[in-house]
Amino acid sequence: MSGKKRKISRRNFIKAAGVAGLGSALGALNSLAPAQGISAASVTESMTVPTRPFGKTGADVSILALGGELSASDLLVFRQAFKMGVTYWDTADSYGWGKNEKAIGKYFAKFPDDREKVFLVSKAGTSNPQKLTEKLNVSLIRMNTSYVDLYFIHHVSNVKKELTDEVKSWAENAKAEGKIRFFGFSAHKNMEHSLLAAAKLGWIDGIMMSYNYRLMVQNKLKRAVDACAKAGIGMTAMKTQAAFSANFYATIGSKTDDALKMTESFLNKGYTAEQAKLKVVWENPNIASICSAMPNMTILRANVAAALDKVKISSGDKKRLEQYARQTASGFCAGCASICEPLVHADIPISDILRYSMYYHSYGDREKASAFYNALSPDVKANIPKADYAKAEKYCPQKIQIGKVLKKTYEDLT
Ligand code: SF4
């Protein structure tokens, strides 16, 4: 295809963007095939995504991991992912209230030979050893397997409190029994504290953390990721698209020349903004894999194309991405809960509630947002509309209108 044909005119781009936010515009433009690299349409089953070593575990994992909440009707997505080498599968006992694990079990019942070739990860949101045993046993039954490759404690935010000596003994026993090969945790907030603490523990095999083009440039997180890499911990990035916390942020930066230029530049080079956000994370060799929700074949193929594509994101495009991150910072919660939460004189998990708002407004998943929100204690919910967020907003590095988003979430989900 000639450069002329590849070029998407600014006029056409703006027309495509219309009055919608940048996210919608990107969605509309996703159908425009990448030009220089590998297009989603040209991905075939014989192409397999590369692998990387997972820390010092000795396991190699596909650089793209199948995440999200697929159900038994999505066996074709699992099958195609497997055939294209997306053999790192991520789930949790809570995903779809067990629906996702049951779907994996159904897959392994149908294709038992695939089990050993899949790096299977599940999680449980507890650090109580007895509950961990109960939850792991349920997960193994649901997934029709005798072991998981990696087991995580879900949503860890305080390593000292949650990764106790009892948990260490539990993990050692589960390994000895052959029920888990490796152990670790996932983290959505206070990542740098958790990663630094984990690097010192010496018994953590893997971590899955929020990591994206907005967060990876922060020096604190860079140091924490380096410390984990040195300690031989395998790392998986999640939340790589860095979605907005509330719908009223969706158009921030979308009408600026810089945002339009950025998207246009990506598309002219052959990748979408979504693919660029994956590529920039893979540029860090210490990130073994990216866990991505891939609810359908279109997204699976687009992500596989990005994983196969050897065209590197240019330094100019990286700068554009960084600039876009700065322009839209106030829509994205960086998870630094240790800054804002102590500044509100009430028990309110600000960062978590902003994530629930993101599930609702950016992912369109009201059910998931409501499930998390409803699990908050009545006291916490009662505090949300009454609390004074002025000080937290003053010190929030992202300059988020915390009170406005939390009160809107309270109205939407109560
Ligand atoms: S609201 Fe601000 S300070 Fe609090 S976790 Fe999010 S980005 Fe950090």
### Summary
Over segment 332-346, the set of residues more than 14 Å from residue 403 (Cα to Cα) and either within 6 Å of the ligand (Cβ to nearest atom) or acidic (Asp, Glu) (or both) is 334, 335, 336, 337, 339
### Query
Out of curiosity, is residue 206 buried (at least 19 other Cβ atoms within 10 Å of the Cβ) and touching a residue at least 60 places away in the same chain (Cβ under 8 Å)?
yes
#### Entry: Odd one out for residue 340 among (1) closer than 16 Å to residue 190 by Cβ; (2) within 21 Å of the chain's Cα centre (by Cα); (3) in a helix (DSSP H, G or I)
(2)
### Query
With respect to the numbered conditions (1) closer than 18 Å to residue 352 by Cβ; (2) touching a Ser or Thr at 6+ places or on another chain (Cβ under 6 Å); (3) basic (Lys, Arg), which one is the sole condition not fulfilled by residue 117?
(1)
### Task
List every residue pair whose Cβ atoms lie under 6 Å apart, where the two residues are 6 or more positions apart in sequence or sit on different chains, the first residue falls within segment 134-161 and is in the same structural domain as residue 119 (by TED's automatic domain parsing) and on the phi < 0 side of the Ramachandran plot, and the second residue, located anywhere, is charged (D, E, K, R) and part of a helix (DSSP H, G or I).
139/101; 142/101; 142/102; 143/101; 145/115; 156/162
### Task
Would you check if residue 407 is more than 10 Å from the ligand (Cβ to nearest atom), part of a helix (DSSP H, G or I) and either basic (Lys, Arg) or at pLDDT 95 or above (or both)?
yes
### Summary
Given the conditions (1) within 18 Å of the chain's Cα centre (by Cα); (2) assigned to a loop (DSSP other than H, G, I, E, B), every one holds for residue 307 apart from (2)
## Note on the structure
Quick count over segment 292-301, residues being surrounded by fewer than 23 Cβ atoms within 10 Å (Cβ to Cβ) and either under 16 Å from the mean Cα position of the chain (by Cα) or assigned to a helix (DSSP H, G or I) (or both), is 6
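Matching residues to (1) assigned to a loop (DSSP other than H, G, I, E, B); (2) in contact with a helix residue (DSSP H, G or I) (Cβ under 6 Å, 6 or more places away or on another chain); (3) modelled with pLDDT under 95; (4) within 25 Å of residue 321 (Cα to Cα):
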{"position": "194", "(1), (2), (3), (4)": "no, yes, no, no"}
{"position": "197", "(1), (2), (3), (4)": "no, yes, no, no"}
{"position": "208", "(1), (2), (3), (4)": "no, no, no, yes"}
{"position": "216", "(1), (2), (3), (4)": "yes, no, no, yes"}
{"position": "221", "(1), (2), (3), (4)": "no, yes, no, yes"}
{"position": "228", "(1), (2), (3), (4)": "no, yes, no, no"}
### Message
So, residue 187, is that one farther than 15 Å from residue 335 by Cα and not basic (Lys, Arg) or not?
### Response
no
### Query
Does residue 373 satisfy the condition of being within 15 Å of the ligand (Cβ to nearest atom), surrounded by 19 or more Cβ atoms within 10 Å (Cβ to Cβ) and within 25 Å of residue 99 (Cα to Cα)?
no
### Task
For residue 264, state whether it is of a type outside the set (S, T, N, Q), touching a Phe, Trp or Tyr at 6+ places or on another chain (Cβ under 9 Å) and surrounded by fewer than 18 Cβ atoms within 10 Å (Cβ to Cβ).
no
### Message
on the phi > 0 side of the Ramachandran plot, at pLDDT below 95 and surrounded by 15 or more Cβ atoms within 10 Å (Cβ to Cβ): which single residue out of 55, 68 fits that description?
### Response
68
### Query
Quick check: anything in segment 395-402 within 25 Å of the chain's Cα centre (by Cα), assigned to a helix (DSSP H, G or I) and within 15 Å of the ligand (Cβ to nearest atom)?
yes
### Task
Looking only at segment 347-364, count how many residues are more than 10 Å from the ligand (Cβ to nearest atom) and among the acidic types (Asp, Glu).
1
### Among the residues listed as 381, 319, the single one being assigned to a helix (DSSP H, G or I), over 20 Å from the mean Cα position of the chain (by Cα), surrounded by fewer than 19 Cβ atoms within 10 Å (Cβ to Cβ) and in the same structural domain as residue 275 (by TED's automatic domain parsing)
319
### Query
Given the conditions (1) within 13 Å of the ligand (Cβ to nearest atom); (2) in contact with a helix residue (DSSP H, G or I) (Cβ under 8 Å, 6 or more places away or on another chain); (3) farther than 16 Å from residue 391 by Cβ, which single one is not true for residue 323?
(1)
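The values are calculated or read from the model by the stated rules, or taken from the named source; none is laboratory data. It should be emphasised that the depicted structure is a prediction, and the values quoted were computed from it without experimental measurement. Cβ atoms come from the backbone with ideal geometry, glycine included; neighbour counts cover every protein chain shown.
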